[in-house]
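Asker: This structure is in structure tokens; I'll ask about it shortly.
The values are calculated or read from the model by the stated rules, or taken from the named source; none is laboratory data. Source: prediction; values computed, not measured. FYI the Cβ positions are ideal-geometry reconstructions off the backbone, even for glycines, and counts take in every protein chain you see.
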């Protein structure tokens with residue numbers, strides 16, 4: 001196993017994965033080497049507290065799989081959600097050429113939103129009169145694909161994409177309370193295929209990359225998280241390498257021991273310490289993301305933002321998905337410093353009351 005510097009908690013060292021994430025009603029927490037075969041989140045004993053009846057567990061479990069893509073012409077964030085009383089798919093395309101956002105959202109009753117039980121071989125699927133989306137996972141063998149379309153006020157969007165894993169996956173189970181788990185698996189992948197926007201077709205090339213994010217968890221009744229990622233090429237000793245990072249701040253009960261912050265670099269991954277997101281206001285055009293050890297020192301300059309608020313009787317969601325450029329440095333656990341000079345980034349600022 002890797003020997004990490006002292007600023008990385010021993011809990012961040014990946015360990016052998018049990019077959020099931022929940023055993024005898026109790027969730028496993030930590031960082032893991034391989035995906036769980038059985039993400040049996042509903043077997044958790046009282047994940048939402050002693051007063052919440054077991055029949056409410058399913059309605060409290062939030063699940064999604066996101067498929068993100070970076071191409072020369074634009075950035076895609078797409079996903080299929082199963083959350084609370086509803087399910088939906090989204091496609092959000094940020095056009096790098098004019099910084100314009102195109103978006104599509106397709107809402108269905110929660111029972112019609114199929115989220116993969118896991119990424120080993122599971123499948124996501126959602127269909128409406130004006131959309132269809134399927135994400136097929138074969139990440140036991142390092143592959144996945146996404147295919148679908150959506151029609152709406154911004155026209156017609158289509159995708160047909162195959163992806164192949166570049167680096168080890170990030171697999172964590174984070175406690176939000178004693179037995180309240182958030183499971184996240186994130187994969188960094190090469191992409192091959194095309195997207196089409198209102199008849200204009202964009203094909204991948206050697207620079208095209210993707211991140212897949214499988215997410216299942218019991219969030220607190222009032223919850224918040226911030227997130228930032230980038231993916232693409234970076235020059236190291238005169239050679240271009242595939243590079244990405246993931247940075248999140250959520251309601252983990254122990255930020256040092258349980259977080260999902262890391263760097264990916266072609267065939268490798270390196271954990272990062274907890275970070276803090278600093279903004280002057282909710283709609284600030286600049287974010288600062290730093291840690292207390294000087295390993296992460298970034299500035300995120302926002303070009304445009306997709307907003308998706310949800311206000312229902314029992315659900316209140318503020319969701320902002322900003323796109324922009326990242327400046328600054330991150331340092332891996334071997335002491336290598338990566339300089340980000342205008343790399344494209346995707347962020348999230350989400351607050352929920354459910």
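Asker: Please name all residue pairs, on different chains or six or more residues apart, with Cβ atoms under 6 Å, provided the first residue is in region 70-82 and is touching a residue at least 24 places away in the same chain (Cβ under 8 Å) and the second residue is buried (at least 22 other Cβ atoms within 10 Å of the Cβ) and outside any strand (DSSP E or B).
Answerer: Correct list of pairs: 71/208; 80/115; 82/113; 82/115.
Asker: I'm trying to understand the selection: among the residues of region 102-143, which are assigned to a loop (DSSP other than H, G, I, E, B) and more than 20 Å from residue 39 (Cβ to Cβ)? Break it down into steps so the answer makes sense when it comes.
Answerer: Keep residues of region 102-143 that are assigned to a loop (DSSP other than H, G, I, E, B), which gives 113, 115-122, 129-130, 139-142.
Once the filter is applied, which keeps residues that are assigned to a loop (DSSP other than H, G, I, E, B) and more than 20 Å from residue 39 (Cβ to Cβ), region 102-143 yields 129, 130.
Asker: List the strands (runs of 3 or more DSSP E) that sit entirely inside region 226-271 and contain at least 3 residues that are in contact (Cβ under 8 Å) with a residue 24 or more places away in the chain and closer than 19 Å to residue 347 by Cα.
Answerer: Numbers: elements: 239-249, 262-265, 268-271.
Counting at least 3 such residues, we get 239-249, 262-265.
Asker: Return the total of residues in region 231-246 being surrounded by fewer than 23 Cβ atoms within 10 Å (Cβ to Cβ) and either out of contact with any strand residue (DSSP E or B) (no Cβ under 7 Å at 6 or more places or on another chain) or closer than 28 Å to residue 279 by Cβ (or both).
Answerer: Here is the first cut: in region 231-246, the residues surrounded by fewer than 23 Cβ atoms within 10 Å (Cβ to Cβ) are 232-242.
Restricting the remaining residues to those that are either out of contact with any strand residue (DSSP E or B) (no Cβ under 7 Å at 6 or more places or on another chain) or closer than 28 Å to residue 279 by Cβ (or both) gives 232, 234-239.
The total comes to 7.
Asker: Something else about it: May I ask you to list pairs of residues, at least six apart or on different chains, whose Cβ atoms are under 7 Å apart, with the first in region 107-130 being without any contact (Cβ under 8 Å) to a residue 40 or more places away in the chain and the second being in a loop (DSSP other than H, G, I, E, B) and surrounded by fewer than 16 Cβ atoms within 10 Å (Cβ to Cβ)?
Answerer: So the pair list comes out as 110/85; 121/140.
Asker: Quick check on my filter: what residues within region 300-318 are at pLDDT 95 or above and surrounded by fewer than 15 Cβ atoms within 10 Å (Cβ to Cβ)?
Answerer: Step one: list which residues in region 300-318 are at pLDDT 95 or above, which gives 300-307.
Listed by number, the residues that qualify are 301, 304, 307.
Asker: Considering each of 153, 201 in turn, give the residue that is more than 19 Å from the chain's Cα centre (by Cα), closer than 29 Å to residue 109 by Cβ and modelled with pLDDT of 95 or more.
Answerer: Numbers: 201 fails: closer than 29 Å to residue 109 by Cβ.
So the residue among 153, 201 that is more than 19 Å from the chain's Cα centre (by Cα), closer than 29 Å to residue 109 by Cβ and modelled with pLDDT of 95 or more is 153.
Asker: Related question: Just give me the residues in region 286-304 being assigned to a strand (DSSP E or B) and touching a residue at least 60 places away in the same chain (Cβ under 8 Å), in sequence order. Write out each step before concluding.
Answerer: Going through region 286-304, the residues assigned to a strand (DSSP E or B) turn out to be 286-290, 296-304.
Of everything in region 286-304, those that are assigned to a strand (DSSP E or B) and touching a residue at least 60 places away in the same chain (Cβ under 8 Å) turn out to be 287, 289, 298, 300, 303, 304.
Asker: Which condition number in (1) touching a strand residue (DSSP E or B) at 6+ places or on another chain (Cβ under 7 Å); (2) more than 24 Å from residue 172 (Cβ to Cβ); (3) surrounded by 15 or more Cβ atoms within 10 Å (Cβ to Cβ) is the one that residue 127 fails?
Answerer: Single failed check for residue 127: (1).
Asker: Here is a further query. Could you grab me the full set of residues in region 189-227 that are more than 13 Å from residue 72 (Cα to Cα) and out of contact with any strand residue (DSSP E or B) (no Cβ under 8 Å at 6 or more places or on another chain)?
Answerer: Passing the criteria: only 200.
Asker: Restricting region 164-189 to residues that are within 30 Å of residue 243 (Cβ to Cβ) and without any contact (Cβ under 8 Å) to a residue 60 or more places away in the chain, which is surrounded by the fewest Cβ atoms within 10 Å (Cβ to Cβ)?
Answerer: If we take residues in region 164-189 being within 30 Å of residue 243 (Cβ to Cβ) and without any contact (Cβ under 8 Å) to a residue 60 or more places away in the chain, then 164 is surrounded by the fewest Cβ atoms within 10 Å (Cβ to Cβ).
Asker: Separate question: Identify all residues within region 204-223 that are surrounded by fewer than 15 Cβ atoms within 10 Å (Cβ to Cβ) and closer than 23 Å to residue 345 by Cβ; write none if there are none. Steps first, answer last, please.
Answerer: Step one: filter region 204-223 for residues surrounded by fewer than 15 Cβ atoms within 10 Å (Cβ to Cβ), giving 205-207, 221-222.
Passing the criteria: 205, 206, 207.
Asker: Next up: From the list 15, 22, which one is modelled with pLDDT of 95 or more and surrounded by fewer than 15 Cβ atoms within 10 Å (Cβ to Cβ)? Reasoning before the result, please.
Answerer: Details: 22 fails: surrounded by fewer than 15 Cβ atoms within 10 Å (Cβ to Cβ).
Exactly one residue qualifies, and that residue is 15.
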